[in-house]
Amino acid sequence: MDAPVPPQNTGDLPFRADPKTSYTLPARYYTDPAIFEAEKAAIFYRTWHYAGHVSQVSEAGAYLTTKIHEQNIFVARGRDAELRAFFNVCAHRGHELLEGTGRKNVITCPYHAWAFDWDGRLVNARNSENVAGFNKCEFSLKPVRVEVFCGLVLVNLDPDAAPFTETMDGLEDEIRQYLPRVDDLAFTQRDTYQVKANWKTLVDNFLECYHCAPAHKDFVDLVDMNSYRTITHKRYSSQCAAAPRTTNSKAFSFEKGDVDFGYAGFFVWPNFTIWIYPGEPNLSVLQMNPDEAGTCLEYQDWFTMDGALTPQLAEAIAYQKDVLQPEDIGLCESVQRGLKSLGYNQGRFIVDEGLTELSEHAVHHFQVMVAQALGTALE
């Protein structure tokens, strides 16, 4: 007797501009290596990327490094107090110049000791004085766009990209509404997670709280879900709760801060999210950095007043690191496995008129941006 034939997908269902009638993006958008490769040029090399915080590069010669796929970049404070970004590659033979974060007097390549100043100029190339026609000006480091937003350092590989504040018009006002002292924050710590899921699976998960009641019991105990609303904007979305259910929740305990609210979260296209928890001033950035079609490296950077970790904030960070993140990672890894199933290709968005915590309209908003960037037609 022949073995049963597994069910086969018979074709894509319509992905529409209206979330109320649209099916989700087909599963291959989350599993196909060709789509993953296409996203590099179509999305990541054309958008603003979170790199770090100004408190990490506050002094002359201080630097931090970041990667956008294969593109290695560093951001540094110059002797003139200007913040600049460059491709992190020596102009001689291509060796990487800097690693991690730190502070130096000059940038010296570990390979052949070519030295560069913090404005990108080549200041010394050993034995080049004996090379006919050698011109140091031809070997300056290649600059990268850099901006600072609410203390966050952002870089963009596209020299013609619109300014971040123009693209994200309204985001700063929302952040300052919940965190008036955002300018007084400094870097506290970084938590790192290796996740076996596509970066878009992780973003989809962040963008809806339809799963919160079944999967995040402590978060639901912290936040008043009746006031939880998600609002989409041009290139970002906000999901905030007006008030906490209690200051002594199962998630963590806190004293009321400058602003009384339950939770404020923001998605910033294409791949990072901003979190503000109630209590003492705090902000964190969770960034989804894809390394393959089915794997992703997540960074969560935390910022507190002057970088201090108080007992209250330590409890909140421990909840995020030890409870909420493992819960979400488990969900996303299960979804990623399911996206490879012959029994699945697309689902439907659950969208309600009130845009409540049960609505998935922000997931659709994100998937539309992905589809448009990749040239996918919408019905």
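Tabulated results
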item: Any hit, segment 319-327, residues being closer than 30 Å to S58 by Cα, surrounded by fewer than 17 Cβ atoms within 10 Å (Cβ to Cβ) and either at pLDDT 95 or above or not hydroxyl-bearing (S, T, Y) (or both); result: yes
item: Selected residue [farther than 21 Å from N198 by Cβ and at pLDDT 95 or above] from A362, A373, A377, A316; result: A316
item: Number of the condition not met by R126 [criteria: (1) crowded, with 18+ Cβ neighbours inside 10 Å; (2) in contact with a His (Cβ under 9 Å, 6 or more places away or on another chain); (3) more than 24 Å from V153 (Cβ to Cβ)]; result: (1)
item: Given (1) in a strand (DSSP E or B); (2) within 18 Å of L355 (Cα to Cα), index of the condition L154 fails; result: (2)
item: Counted residues, segment 31-79 - those being more than 13 Å from V153 (Cβ to Cβ) and of a type in the set (S, T, N, Q); result: 4
item: Listing of helices (runs of 4 or more DSSP H) fully contained in segment 170-249 that carry 3 or more residues being closer than 23 Å to T304 by Cβ and either in contact (Cβ under 8 Å) with a residue 60 or more places away in the chain or outside the structural domain of G307 (by TED's automatic domain parsing) (or both); result: 171-178
item: Among (1) touching a residue at least 24 places away in the same chain (Cβ under 8 Å); (2) of a type outside the set (A, V, I, L, M); (3) loosely packed, with under 14 Cβ neighbours inside 10 Å; (4) under 22 Å from H49 (Cβ atoms), the one test that C150 misses; result: (3)
item: Output for segment 352-379, where each listed residue is closer than 30 Å to D224 by Cα, among the acidic types (D, E) and surrounded by fewer than 17 Cβ atoms within 10 Å (Cβ to Cβ); result: D352, E353
item: Long-range neighbours under 7 Å by Cβ, at least six apart or interchain, first residue in contact (Cβ under 8 Å) with a residue 12 or more places away in the chain within segment 94-111, second loosely packed, with under 14 Cβ neighbours inside 10 Å and of a type in the set (S, T, Y); result: H95/Y111
item: Y228 being at pLDDT below 95, at negative phi, crowded, with 20+ Cβ neighbours inside 10 Å and hydroxyl-bearing (S, T, Y); result: yes
item: Residues within segment 16-62 that are in contact (Cβ under 8 Å) with a residue 12 or more places away in the chain and either of a type in the set (S, T, N, Q) or in contact with a Cys (Cβ under 6 Å, 6 or more places away or on another chain) (or both), tallied; result: 7
item: Residue count for segment 318-377, restricted to those that are aromatic (F, W, Y), within 19 Å of A17 (Cα to Cα) and more than 20 Å from the chain's Cα centre (by Cα); result: 1
item: Residue pairs meeting the criteria (Cβ under 6 Å; at least 6 apart or on separate chains; first modelled with pLDDT of 95 or more, in segment 133-144; second assigned to a loop (DSSP other than H, G, I, E, B) and surrounded by 12 or more Cβ atoms within 10 Å (Cβ to Cβ)); result: F139/A91; S140/G120; S140/R121; L141/G120
item: Identity of the residue in segment 18-67, acidic (D, E) and closer than 26 Å to F349 by Cα, that ends up nearest to the chain's Cα centre (by Cα); result: E39
item: Residue in segment 337-351 that is closer than 22 Å to L222 by Cβ and buried (at least 16 other Cβ atoms within 10 Å of the Cβ) present; result: no
item: Filtered residues of segment 54-68 (kept if crowded, with 17+ Cβ neighbours inside 10 Å and either within 26 Å of T295 (Cβ to Cβ) or acidic (D, E) (or both)); result: L64, T65, T66, I68
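Residues are listed down the side, and each one gets a yes or a no for (1) among the aromatic types (F, W, Y); (2) in contact with a helix residue (DSSP H, G or I) (Cβ under 8 Å, 6 or more places away or on another chain); (3) farther than 24 Å from T167 by Cβ:
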position	(1), (2), (3)
Y30	yes, yes, yes
F44	yes, no, no
W48	yes, yes, no
G61	no, no, yes
T66	no, no, no
I73	no, no, no
C90	no, no, yes
R103	no, no, yes
Y111	yes, no, yes
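Residues checked against (1) without any contact (Cβ under 8 Å) to a residue 60 or more places away in the chain; (2) more than 17 Å from D204 (Cα to Cα); (3) of a type outside the set (V, I, T):
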{"site": "W275", "(1), (2), (3)": "yes, no, yes"}
{"site": "G294", "(1), (2), (3)": "no, no, yes"}
{"site": "F303", "(1), (2), (3)": "no, yes, yes"}
{"site": "E327", "(1), (2), (3)": "no, no, yes"}
{"site": "H365", "(1), (2), (3)": "no, no, yes"}
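The values are calculated or read from the model by the stated rules, or taken from the named source; none is laboratory data. All values reported here derive from a predicted model rather than from experimental measurement. With ideal geometry, Cβ positions are generated from the backbone for all residues, glycine too; neighbour counts draw on all protein chains shown.
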